[in-house]
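Presented below is the structure to which this report refers.
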Amino acid sequence: MAISRSQIPESVKNPSLYRKAKSKAKAKFDVYPSAYANAYMVTEYKKMGGEYEGSKKAKGGAVNFVKGGTVMAQGRGCGAMMESKRRKTKMPRS
């Protein structure tokens, strides 16, 4: 069964490669769609040279402070964090 254009996301630049990657994922996995099959399909599509349109991933970077001082660091875990348990991190002066 062929994949119609309406089933292909708008962000796909090369629909024919996308169809090939999708059929390859359907052949490999018993359950489609699934998270594993979709991840495999995207990986194969990119290996074949396919690209997506749209914004790129954000690049991480250092936080620049004008002056040093004490900064409250983000606590790990879920839920509320007691103020006394938060670690204070000292930033070097520039």
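The values are calculated or read from the model by the stated rules, or taken from the named source; none is laboratory data. Here the structure is a predicted model, which means the values were calculated and not measured. Don't worry about glycine lacking a Cβ; one is built from the backbone with ideal geometry, like all the others, and counts go over all protein chains shown.
Please go through the range 24-41 and pick out each residue that is at pLDDT 90 or above and exposed (fewer than 15 other Cβ atoms within 10 Å of the Cβ).
Answer for the range 24-41, where residues must be at pLDDT 90 or above and exposed (fewer than 15 other Cβ atoms within 10 Å of the Cβ): A27, K28, D30, V31, S34, A35, Y36, N38, A39.
Suppose the filter is modelled with pLDDT of 65 or more and aliphatic (A, V, I, L, M); does I3 pass it?
no
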